[in-house]
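Peer 1: Mind looking over this structure? Questions follow.
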Amino acid sequence: QVQLVESGGRLVQAGDSLRLSCAGSGAYTGYTTSWFRQAPGKEREFLAGIRWSGDTTFYADIVKGRFTISKDNAKTMVYLQMNSLLPEDTAVYYCAVHIRGNSWQATSYSDWGQGTQVTVSS
């Protein structure tokens with residue numbers, strides 16, 4: 001079984017940058033890993049994904065150019081660098097591993113972490 005733990009979320013001001021971390025353990029090997037977020041009253045939405053090798057990344061249009069996903073050389077950590085944060089980026093941010101189907105759909109993922117809260121004040 002895979003365990004994922006997100007960290008790095010906090011209160012920031014609009015325009016600030018923040019880096020989130022996702023630590024993988026257990027049977028965490030070979031998976032594409034993605035970041036999602038969920039704001040109150042909204043569905044969980046895909047943000048960015050990275051293949052296990054780290055050489056392929058893909059992004060949702062809403063964050064393209066502002067957010068960057070990466071992973072460490074040991075491949076156990078996945079990061080989400082977020083720049084030029086906006087109040088509408090306020091949400092709980094999650095990482096998960098892709099197990100089947102469309103990479104943009106939350107239902108294609110498993111082993112969600114507990115999430116980390118990002119709050120952007122205006």
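Peer 1: Applying the selection to segment 5-22, what residues are farther than 21 Å from Ser110 by Cα, of a type in the set (Val, Ile, Thr) and open to solvent by 40 Å² or more (accessible area, probe 1.4 Å)?
Peer 2: Scanning segment 5-22 gives no hits.
Peer 1: Ser25 is checked against (1) surrounded by fewer than 20 Cβ atoms within 10 Å (Cβ to Cβ); (2) within 21 Å of Ser122 (Cα to Cα) and fails just one. What number does that condition carry?
Peer 2: (2)
Peer 1: Name the residue that is nearest to Thr29 (Cα to Cα), counting only residues in segment 100-109 that are open to solvent by less than 40 Å² (accessible area, probe 1.4 Å) and not in a loop (DSSP other than H, G, I, E, B). It would help to see each step written out before you state the result.
Peer 2: Initial filter on segment 100-109 (open to solvent by less than 40 Å² (accessible area, probe 1.4 Å)): 103, 106, 108-109.
This time we only want the ones that are not in a loop (DSSP other than H, G, I, E, B), so: 106, 108-109.
Values: Ala106: 20, Ser108: 17, Tyr109: 15 Å.
Of everything passing the filter in segment 100-109, Tyr109 is nearest to Thr29 (Cα to Cα).
Peer 1: Out of all the residues in segment 47-89, which are aliphatic (A, V, I, L, M) and touching a residue at least 24 places away in the same chain (Cβ under 8 Å)?
Peer 2: Kept after step one, since they are aliphatic (A, V, I, L, M), are these residues of segment 47-89: 47-48, 50, 60, 62-63, 69, 74, 77-78, 80, 82, 85-86.
The answer is Leu47, Ala48, Ile50, Ala60, Ile69, Met77, Val78, Leu80, Met82, Leu85, Leu86.
Peer 1: Name, by its number, the condition in (1) closer than 23 Å to Thr119 by Cβ; (2) open to solvent by 30 Å² or more (accessible area, probe 1.4 Å) that does not hold for Ile69.
Peer 2: (2)
Peer 1: From the list Val2, Val78, pick out the single residue that is closer than 15 Å to Gly113 by Cβ, over 15 Å from the mean Cα position of the chain (by Cα), open to solvent by less than 60 Å² (accessible area, probe 1.4 Å) and aliphatic (A, V, I, L, M).
Peer 2: Details: Val78 fails: over 15 Å from the mean Cα position of the chain (by Cα).
Being closer than 15 Å to Gly113 by Cβ, over 15 Å from the mean Cα position of the chain (by Cα), open to solvent by less than 60 Å² (accessible area, probe 1.4 Å) and aliphatic (A, V, I, L, M) holds for just one of Val2, Val78, which is Val2.
Peer 1: In segment 85-99, which residue that is more than 18 Å from Tyr31 (Cβ to Cβ) and outside any strand (DSSP E or B) is most open to solvent (accessible area, probe 1.4 Å)?
Peer 2: Top of the filtered list is Glu88.
Peer 1: Out of segment 76-119, which residues are at positive phi and in contact with a Gly (Cβ under 7 Å, 6 or more places away or on another chain)?
Peer 2: Ser84
The values are calculated or read from the model by the stated rules, or taken from the named source; none is laboratory data. Just so we're clear, the structure is a prediction, and the values are computed from it rather than from any experiment. All Cβ positions, glycine included, derive from the backbone under ideal geometry; neighbour counts span all protein chains shown. Please note that ligands, DNA and RNA were not included when accessible areas were found on the heavy atoms of the full protein model with its side chains. Shrake-Rupley method; radii C 1.70, N 1.55, O 1.52, S 1.80 Å.
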